[in-house]
Amino acid sequence: MRNYSRKYFLLLLFCPLALVSCDDKDELDANDMDIPYGYALSAGTSTNFLNSSIAYDNPADWVSGKFETRFNTGDRLYDNVKTSNENGAGGGLGPVYAGYSCGSCHRNAGRTTPALWTSGGSGEYGFSAMLVYITRKNGAFFQDYGRVVHDQAILGVEPEGKLKTSLHYETFYFPDGESYELCYPEYTITDWYADSIRPEDLMCTVRIPLRHVGMGQMMALDRTEIEQLAKKSNYPEYGISGKANYIKEQGVLQLGLSGNKAQHADLTVELGFSSDMGMTNSRYPEEICEGQRQINQGSMMGLSYDQLDVSTEDMEDVDLYMQCLSVPARRNIYQPDVMAGEQLFYKAKCHLCHVTTLHTRPRGSKLLNGTELPWLGGQTIHPYSDYLLHDMGSEIMGVGLNDNYVSGLARGNEWRTTPLWGVGLQYRVNGHNYFLHDGRARNFVEAIMWHGGEGEASKNLFKNFSKQEREQLVKFLESL
């Protein structure tokens, strides 16, 4: 497969026609582009043709030489289990943490099965693969906690709290009589390490991991194109009006692209090491539980706090690994139900937010320590997202998708359009089809039927399709 793909990569270098969008109906014949029959490009020269469990976790074919060495180093740093004595001098994981490696939450660079549907939360010793964000009702943080409740801790140290979920189900019906079920998860925190926070004072929202598909292409996006989309993304007849998020990071106001609410301008590698794993670094040199009693508990367990736990060079290798991952090609594109489903995707106006085609800027992307990746530049890509914020929060089951959590310019009811590329392989890669920010949707149909606000029109168009048409649209999503 790798040799075949390298042949394809060389073809792209010398055949400009190969960058023509394969989603266009006047596309070149697949054989003319040396693309396997039934596939379509997703990410230009970073496209792979894998259908296996490593479809998200494979380098682009332009990764070679020292970049391949660094890719493999970053891969190990991403996957390997961290310890509380990582560097042999008491530095590393903890004292409190949410994940014990990047791969613990992002299995195969995808989405580890969240505990929402397995153990109902953290459990006594369980690992949730979920991030629990808390604030006061007014948006302020609690004195004894940070922005995230860390439900795991090293031996001898108290976790900050434990997540518990209760599930509420309701049955609905399509106009043709077919039923579907939606489930609303309600979250509570137990076993607070400090004084318990009263539920009436607490705002709690939960996230399951994002798929790390197309991270390099996202970082290489032409920002001007995204900002132009924000100006043009106004379809009053469907109630749609996307907006860009802007976030101040490292003292610079930047366009947000990453995260459920486009609340980050980068891949948050340093933040992941700090907040998720409790590993200090040059950007976040303080322990995440600084000022809490877990610091003293960690000291009693032999932890040392006089050095950084992870180097900038190591973090950049992780950044490189994530940005050099290839993107799965679309599959079964000539299958009749998939072709019909694609037309229904447009008929339901899903494409107005899940924009099919974008472009990367000429010079590609730059990693967190300055290394440039020009191979990501000048590409035509098909992420099925505008990377903009949209109001998704009208009430469904009395709650909807408004989590009341503000991130930059994003209000509680506003969410970044989720990129759909690779979504059809999530079950094969991770063994589940849980979707949306907290995994409440158990399949594509439920994910669509949770759409509210600016997604209401598309949801209603889908709702009024025939059963066969709804199944065809799902077949199209499975081809992505």
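If the Cβ limit is 8 Å and pairs must be 6+ apart or interchain, which residue in region 336-354 that is under 21 Å from Y387 (Cβ atoms) pairs with which residue that is modelled with pLDDT of 95 or more and acidic (D, E)?
C353/D386; C353/E454; H354/D386
Looking at region 442-473, which of its residues are without any contact (Cβ under 8 Å) to a residue 40 or more places away in the chain, under 19 Å from the mean Cα position of the chain (by Cα) and over 20 Å from Y238 (Cα atoms)?
N443, F444
For region 284-323, which residues satisfy the criterion of being of a type in the set (A, V, I, L, M, F, W, C), more than 28 Å from F142 (Cα to Cα) and out of contact with any His (no Cβ under 8 Å at 6 or more places or on another chain)?
Residues satisfying the conditions are M315, V318, L320.
Being at pLDDT 95 or above, of a type outside the set (D, E, K, R) and in contact with a Leu (Cβ under 9 Å, 6 or more places away or on another chain): is that true of S385 here?
In short, yes.
Results for (1) touching a Lys or Arg at 6+ places or on another chain (Cβ under 6 Å); (2) buried (at least 22 other Cβ atoms within 10 Å of the Cβ); (3) assigned to a loop (DSSP other than H, G, I, E, B), shown as yes or no for each residue.
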site	(1), (2), (3)
S52	no, no, yes
D57	no, yes, yes
T73	no, no, no
R76	no, no, no
N85	no, no, yes
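I need the full set of residues from region 139-157 which are crowded, with 16+ Cβ neighbours inside 10 Å, more than 20 Å from D438 (Cα to Cα) and touching a Phe, Trp or Tyr at 6+ places or on another chain (Cβ under 9 Å), in order please.
Within region 139-157, Y145, A153, I154 meet the criteria.
Consider region 114-130. How many of its residues are surrounded by fewer than 17 Cβ atoms within 10 Å (Cβ to Cβ) and modelled with pLDDT of 90 or more?
Within region 114-130, residues that are surrounded by fewer than 17 Cβ atoms within 10 Å (Cβ to Cβ) and modelled with pLDDT of 90 or more number 0.
Residue by residue through region 403-455, note down the ones that are in a strand (DSSP E or B) and among the basic types (K, R).
R416 - this is the single residue of region 403-455 that is in a strand (DSSP E or B) and among the basic types (K, R).
Which residue, of E181, E160, E186, is touching a residue at least 24 places away in the same chain (Cβ under 8 Å), assigned by TED's automatic domain parsing to the domain that holds E287 and exposed (fewer than 14 other Cβ atoms within 10 Å of the Cβ)?
Going through E181, E160, E186 in turn, the sole match is E181.
Residue pairs, Cβ under 9 Å, 6 or more apart or interchain, first in region 206-235 and surrounded by fewer than 15 Cβ atoms within 10 Å (Cβ to Cβ) and of a type in the set (S, T, N, Q), second outside any loop (DSSP other than H, G, I, E, B) and modelled with pLDDT under 95. List them.
N234/I240; N234/S241
In this structure, is L93 assigned to a loop (DSSP other than H, G, I, E, B) and out of contact with any Asp or Glu (no Cβ under 6 Å at 6 or more places or on another chain)? Let's see the steps before the verdict.
Numbers: assigned to a loop (DSSP other than H, G, I, E, B): yes; out of contact with any Asp or Glu (no Cβ under 6 Å at 6 or more places or on another chain): yes.
It is true that L93 is assigned to a loop (DSSP other than H, G, I, E, B) and out of contact with any Asp or Glu (no Cβ under 6 Å at 6 or more places or on another chain).
Test L376 against the stated conditions and say whether it is crowded, with 24+ Cβ neighbours inside 10 Å, in the same structural domain as E227 (by TED's automatic domain parsing) and either within 18 Å of the chain's Cα centre (by Cα) or modelled with pLDDT of 95 or more (or both).
Yes; evaluated as a whole, the condition is true for this residue.
Go through region 319-339 and count every residue that is surrounded by fewer than 20 Cβ atoms within 10 Å (Cβ to Cβ) and out of contact with any Ser or Thr (no Cβ under 7 Å at 6 or more places or on another chain).
Summing the residues that are surrounded by fewer than 20 Cβ atoms within 10 Å (Cβ to Cβ) and out of contact with any Ser or Thr (no Cβ under 7 Å at 6 or more places or on another chain) in region 319-339 gives 5.
With the requirement that a residue be touching a Gly at 6+ places or on another chain (Cβ under 7 Å), of a type in the set (D, E, K, R) and assigned to a loop (DSSP other than H, G, I, E, B), what does region 302-322 give you?
If the condition is that a residue be touching a Gly at 6+ places or on another chain (Cβ under 7 Å), of a type in the set (D, E, K, R) and assigned to a loop (DSSP other than H, G, I, E, B), then D309 is the only one that fits.
Given the condition over 19 Å from V213 (Cβ atoms) and at pLDDT 95 or above, answer yes or no: does some residue in region 43-64 qualify?
yes
Here is a list: K248, K261. Which entry is at pLDDT 95 or above and basic (K, R)?
Result: K261 is the single residue among K248, K261 that is at pLDDT 95 or above and basic (K, R).
Within region 456-480, track down each residue that is assigned to a helix (DSSP H, G or I) and either among the basic types (K, R) or touching a strand residue (DSSP E or B) at 6+ places or on another chain (Cβ under 7 Å) (or both). Spell out how you get there, then give the answer.
So in region 456-480, the residues assigned to a helix (DSSP H, G or I) come out as 456-463, 467-478.
K459, K463, K467, R470, K475 - these are the residues of region 456-480 that are assigned to a helix (DSSP H, G or I) and either among the basic types (K, R) or touching a strand residue (DSSP E or B) at 6+ places or on another chain (Cβ under 7 Å) (or both).
Conditions (1) among the acidic types (D, E); (2) surrounded by fewer than 21 Cβ atoms within 10 Å (Cβ to Cβ), marked per residue:
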| position | (1), (2) |
| --- | --- |
| L425 | no, no |
| V429 | no, no |
| Y434 | no, no |
| N443 | no, yes |
| E446 | yes, yes |
| N460 | no, yes |
| K463 | no, yes |
| K467 | no, yes |
| E471 | yes, yes |
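The values are calculated or read from the model by the stated rules, or taken from the named source; none is laboratory data. This is a predicted model, so every value here is computed, not measured. Heads up, the Cβs are rebuilt from the backbone with ideal geometry, glycines too, and the neighbour counts pull from every protein chain shown.
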